[in-house]
Amino acid sequence: MAHISQISSFLSIVLIFLALCITLFTNPTLSLPALKLNPFQDFCVADLQATPTNSGYPCKSQVTSEDFFYSGLNTPLNTSNPKGIAANPANLLTFPGLNTLGISMYNVAIAPGGYNQPHSHPGVTEAGVVIEGSVLVGFLTTNYTLYSKVIGPGDMFVIPPGLIHYEGNVGKTQCRLLTVVADDLPSEVDVPHTLLATKPAIPNEVLMSAFKADSKTINMLRSKFTA
């Protein structure tokens, strides 16, 4: 009976994740221009051996079935790092079949107490489903409102386009989640590094004004990201 229960739980998670993908692709904001797909072609598997241009990679001339399947998301993840987080990406650079399709996926593991620090993906939606563990998910709106919740296996979340968000493991065991971002190679703006690890550095006076802090505090914070 326990085995049947595990299968049922897994199928439930798969169905939720399919619903997640359908949600992204039926979003009215994801029009053809946003997906970058040429209506005169069914697909454009990226030729990563070619030199990319401002419009991206050219299409491969010889395409096989293997170009539309990817098994890299099941690679073991090691969270033994200062952030306590690791991820396997399925994006344009690892899975060229996603080129122009406006979607990428990530298998994410977070150690107990680990956090994916505040960041954003400009202009695109992110959504995910928890596979195991307890995950704190939160995002900030442009009027400084925080929406957050602790979610568990089978629970889904969505981050509206471009908003700053984070995920963290608030349980006692490693957590894992699958996420989808509505871009085949999404950009990521890491808030702490963007402010404190730029080259050349943002002038101390700017950060002192922004954080209402003295120069010593700013230098201390900057040292955490440039050491």
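The values are calculated or read from the model by the stated rules, or taken from the named source; none is laboratory data. As the structure is a computational prediction, the values presented were derived from the model and not from experiment. Positions of Cβ are backbone-derived with ideal geometry, glycine not excepted, and every protein chain shown enters the neighbour counts. Note: areas computed on protein heavy atoms with side chains; ligands, DNA, RNA excluded. Shrake-Rupley method; radii C 1.70, N 1.55, O 1.52, S 1.80 Å.
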Can you name the number of the only condition in (1) touching a Gly at 6+ places or on another chain (Cβ under 9 Å); (2) at pLDDT 95 or above; (3) open to solvent by less than 100 Å² (accessible area, probe 1.4 Å) that Leu24 fails? (2)
State the number of residues belonging to the stretch 178-227 that are of a type in the set (Ser, Thr, Tyr) and in contact with a strand residue (DSSP E or B) (Cβ under 8 Å, 6 or more places away or on another chain). 1
I'd like to check which strands (runs of 3 or more DSSP E) are fully inside the stretch 36-141 and have at least 3 residues that are open to solvent by less than 30 Å² (accessible area, probe 1.4 Å) and either modelled with pLDDT of 95 or more or out of contact with any strand residue (DSSP E or B) (no Cβ under 6 Å at 6 or more places or on another chain) (or both). 85-90, 104-110, 126-132, 135-140
A careful count of residues in the stretch 195-218 that are surrounded by fewer than 14 Cβ atoms within 10 Å (Cβ to Cβ) and either more than 29 Å from the chain's Cα centre (by Cα) or in the same structural domain as Ser120 (by the TED database) (or both) gives 8
For the stretch 198-220, give me the residue count where each residue is closer than 30 Å to Tyr106 by Cα and in a helix (DSSP H, G or I). 0
Which of the residues that make up the stretch 142-197 are assigned to a strand (DSSP E or B) and among the aromatic types (Phe, Trp, Tyr)? Tyr147, Phe157, Tyr166
